[in-house]
Amino acid sequence: MAEIISVPRARPRWSLAPPLALERPGVLGPLLVAPAILYILVLVGYPFLLALYLSVSDVRTGSAGLGNFVGLENFVSLVQSSVFVLALRNTLLFTFVSAIGKGLLGTILAFLLAENLPGTRFFRALVLLPWTIPIALSSITWKWMLDSQYSIINSLARAGGLLQGGQWPIWLGEPTLAVISVIGVNIWRGFPFGAIILLAGLTSIPQEILDAAKVDGADFITRFRKIIVPMIAPILFIGSLYDLVFTLTDMTVVYLLTMGGPDNQTHVLASYAFQVGILSGALSRGAAISVLLLPILLVVVFIVLRALKRVEL
């Protein structure tokens, strides 16, 4: 009986199959990740290294070159600045209060949208508007609504009998009210995102598990604490981390509503860095303020990822 010899078939000239070199282990994966790595190095790594250098120099807007090396002088002067300390306190306060407000409102809204009520699909699309519309447009609208003379909020409060006499709250002109207003607008804009993230997690839970818990006599709080949260913990933590990072580094709401006023009372680190580095021309001090955001972000990321790892274990 003649031996059958198999001859490897030649690849077609115009084959859509990947070249043999790409099929080797350890080649295709790094090649696909290379664009993302290049993006990080060019658009993130280089500006970050430049900011580190500027923070230890004395460069100003319009000066020739990158200035002279001054060590930690910029950081020392910032620590001694009362405005910087106030901006740091506001940054932590805004982030903490906004996280609580977004968490509570987002959870309530997510459970309402999870119910099969009439018009649920319409409201699911409508609730994303605060998060999807341009932040500049929404902030300018809120600035008009909080205006000291033409505030529609004051007009509605007076029509409802909540305001008496001729003295109206100056929402953006009094320090305490200005802080409350900025935090309120930040919560209003951000909680729909948390609601959608939580809603996505809720829809991924098998209904049979929740029905079985109801049969066993578990109330809503028990089901939420023992079943829902553990099953959607990764989604919750990643969504919370995303929101915390953007809240810590956000300056648009503060700048458009108050520009840090009155008397620098609503400045956060991001808006203060913009004022010092861009508007005032002190690029080195502005870069130093931005660099000081890095330890805060690292601590937040470390705490959230560590908590996520504990939940997964």
Task: Near pairs, Cβ below 7 angstrom, 6+ apart or cross-chain, from region 140-162 (within 14 Å of Ala178 (Cα to Cα) and without any contact (Cβ under 8 Å) to a residue 40 or more places away in the chain) to any residue that is in a helix (DSSP H, G or I) and of a type in the set (Val, Ile, Thr) - done: Met145/Ile152; Met145/Ile153
Open item on the list: For the list (1) at pLDDT below 90; (2) among the hydrophobic types (A, V, I, L, M, F, W, C); (3) closer than 19 Å to Ser57 by Cβ, I need the number of the one condition that Met251 fails.
Closed with: (3)
- [ ] Using the structure shown, decide if Leu210 is in contact (Cβ under 8 Å) with a residue 24 or more places away in the chain and either assigned to a helix (DSSP H, G or I) or within 29 Å of the chain's Cα centre (by Cα) (or both).
- [x] no
Task: Lys143 being in contact with a Leu (Cβ under 9 Å, 6 or more places away or on another chain), open to solvent by less than 90 Å² (accessible area, probe 1.4 Å), modelled with pLDDT of 85 or more and in a helix (DSSP H, G or I) - done: yes
Task: Any hit, region 197-207, residues being in a helix (DSSP H, G or I), farther than 30 Å from Ser155 by Cα and open to solvent by 60 Å² or more (accessible area, probe 1.4 Å) - done: yes
Open item on the list: So, Ala287, is that one surrounded by 23 or more Cβ atoms within 10 Å (Cβ to Cβ) and either in contact with a Cys (Cβ under 6 Å, 6 or more places away or on another chain) or among the aliphatic types (A, V, I, L, M) (or both) or not?
Closed with: yes
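Against the condition at pLDDT 85 or above and exposed (fewer than 15 other Cβ atoms within 10 Å of the Cβ), how does Val215 come out, does it pass?
It is true that Val215 is at pLDDT 85 or above and exposed (fewer than 15 other Cβ atoms within 10 Å of the Cβ).
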- [ ] Could you please give the count of residues in region 213-246 that are within 20 Å of Leu104 (Cβ to Cβ) and over 32 Å from the mean Cα position of the chain (by Cα)?
- [x] 1
- [ ] Return only the number of the condition from (1) touching a residue at least 60 places away in the same chain (Cβ under 8 Å); (2) closer than 15 Å to Thr258 by Cβ; (3) open to solvent by 40 Å² or more (accessible area, probe 1.4 Å) that Ile180 does not satisfy.
- [x] (1)
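Only one of Phe122, Phe96 is within 27 Å of Ala233 (Cβ to Cβ) and without any contact (Cβ under 8 Å) to a residue 12 or more places away in the chain; which?
Answer to the check: Phe96.
In this structure, is Leu163 open to solvent by 40 Å² or more (accessible area, probe 1.4 Å) and either over 24 Å from Ile205 (Cβ atoms) or part of a helix (DSSP H, G or I) (or both)?
Against the criterion (open to solvent by 40 Å² or more (accessible area, probe 1.4 Å) and either over 24 Å from Ile205 (Cβ atoms) or part of a helix (DSSP H, G or I) (or both)), Leu163 does not qualify.
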- [ ] State which residue is modelled with the lowest pLDDT when the search covers only region 53-82 and only residues that are in contact with a strand residue (DSSP E or B) (Cβ under 7 Å, 6 or more places away or on another chain) and farther than 15 Å from Ser290 by Cβ.
- [x] Leu66
Open item on the list: For the structure I just gave you, tell me whether Leu49 is outside any loop (DSSP other than H, G, I, E, B) and either among the acidic types (Asp, Glu) or at pLDDT 85 or above (or both).
Closed with: yes
Task: Residue, farthest from Val253 (Cα to Cα), within region 125-139, restricted to residues that are in contact (Cβ under 8 Å) with a residue 40 or more places away in the chain and either open to solvent by 40 Å² or more (accessible area, probe 1.4 Å) or among the basic types (Lys, Arg) (or both) - done: Leu128
Open item on the list: Please go through region 70-108 and give me each residue that is more than 19 Å from Gln265 (Cβ to Cβ), part of a helix (DSSP H, G or I) and open to solvent by 30 Å² or more (accessible area, probe 1.4 Å), ordered by number.
Closed with: Glu73, Phe75, Val76, Ser77, Val79, Ala99, Ile100, Gly103, Leu104, Leu105, Thr107, Ile108
TODO: Working only within region 54-76, note down all residues that are more than 13 Å from Gly281 (Cα to Cα) and touching a Gly at 6+ places or on another chain (Cβ under 8 Å).
DONE: Val56, Ser57
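The values are calculated or read from the model by the stated rules, or taken from the named source; none is laboratory data. Since the model is a prediction, treat every value here as computed from it, not as a measurement. Every residue, glycine as well, gets a Cβ built from its backbone with ideal geometry; the counts of neighbours run over all protein chains shown. For accessibility, only protein heavy atoms count, side chains too; no ligands or nucleic acids. Shrake-Rupley method; radii C 1.70, N 1.55, O 1.52, S 1.80 Å.
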